[in-house]
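Since the structure comes first, as structure tokens, the remarks are kept for the end.
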């Protein structure tokens, strides 16, 4: 459990600062560093990210960085996608789940790198609501959340900035609120389906992650978003390549 604390803190810092990416790092850490079973790790990662996202979202909301109209459409669409993704995830093996996670990580790295170059005009208001695009985005985020046990913020922030015209800081705030909701829904779906977790590891990592998210949300107002985004994109890419190489050369983690 003690080993989970520094990792949780680091994940929370990145999630609070960038609005996403927490679970795509939490899952490999839970599996490869903390030795958790893959399916248990997908459930635990949702608990960890939910705690961090809600903490970071509270900070962003107090600073009027959340576009609530978009959240109202994204959330129910994501909930439906989460249920479908959870059922689909149960139908595949641990190895397939991990290998399938690699392109998700690499795609997230590419999107995050690209998004880091988008200007962060904090004065611009929320964009006009595009109902069709918003519903599609919510469904996609929910599907990934249920299937892989990821919160979806790594996908929704680039989607909000690049495709929907959000200012970066408002995209981060909106993402955190949505990630908190979706992660809680995904966690409930996993537990309802009988998923098992290591309560000590999950609780310790969640508390540390929430503390890191509070700090990250405040620090991101001062630190250059471009540098943060590029650094995190490299981290995501490295995690994806590690899983791919480890699986190809050593057959994946024990128990997979």
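The values are calculated or read from the model by the stated rules, or taken from the named source; none is laboratory data. Keep in mind that this is a model prediction, so the values were computed, not measured. Quick reminder, even Gly has a Cβ in these numbers, built from the backbone with ideal geometry, and neighbours come from all protein chains shown.
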Consider residue 35 carefully, then state whether it is touching a residue at least 40 places away in the same chain (Cβ under 8 Å) and either surrounded by 24 or more Cβ atoms within 10 Å (Cβ to Cβ) or part of a helix (DSSP H, G or I) (or both). no
Is it true that some residue in region 141-150 is surrounded by fewer than 24 Cβ atoms within 10 Å (Cβ to Cβ) and modelled with pLDDT of 85 or more? yes
Would you say residue 55 is at pLDDT below 85, farther than 18 Å from residue 196 by Cβ and either over 12 Å from the mean Cα position of the chain (by Cα) or part of a helix (DSSP H, G or I) (or both)? no
The condition of being surrounded by fewer than 24 Cβ atoms within 10 Å (Cβ to Cβ) and in contact with a helix residue (DSSP H, G or I) (Cβ under 8 Å, 6 or more places away or on another chain) holds, among 184, 178, 155, 160, only for 184
For region 51-77, which positions are crowded, with 18+ Cβ neighbours inside 10 Å and either closer than 18 Å to residue 161 by Cβ or touching a strand residue (DSSP E or B) at 6+ places or on another chain (Cβ under 7 Å) (or both)? 53, 56, 57, 60, 65, 66, 67, 70, 71, 73, 74
Output for region 1-14, where each listed residue is surrounded by 24 or more Cβ atoms within 10 Å (Cβ to Cβ) and modelled with pLDDT of 80 or more: 8, 11, 12, 13
Given the conditions (1) over 11 Å from the mean Cα position of the chain (by Cα); (2) more than 24 Å from residue 103 (Cβ to Cβ), and given that residue 180 satisfies all but one, which numbered condition is not satisfied? (1)
Considering only region 68-99, state which residues are under 16 Å from residue 142 (Cβ atoms) and without any contact (Cβ under 8 Å) to a residue 40 or more places away in the chain. 72
Could you tell me whether residue 65 is assigned to a loop (DSSP other than H, G, I, E, B), touching a residue at least 60 places away in the same chain (Cβ under 8 Å) and closer than 15 Å to residue 173 by Cα? yes
Inside region 204-256, can you point out the residues that are surrounded by 20 or more Cβ atoms within 10 Å (Cβ to Cβ), modelled with pLDDT under 80 and within 18 Å of the chain's Cα centre (by Cα)? 220, 225, 229, 232, 236, 239, 243
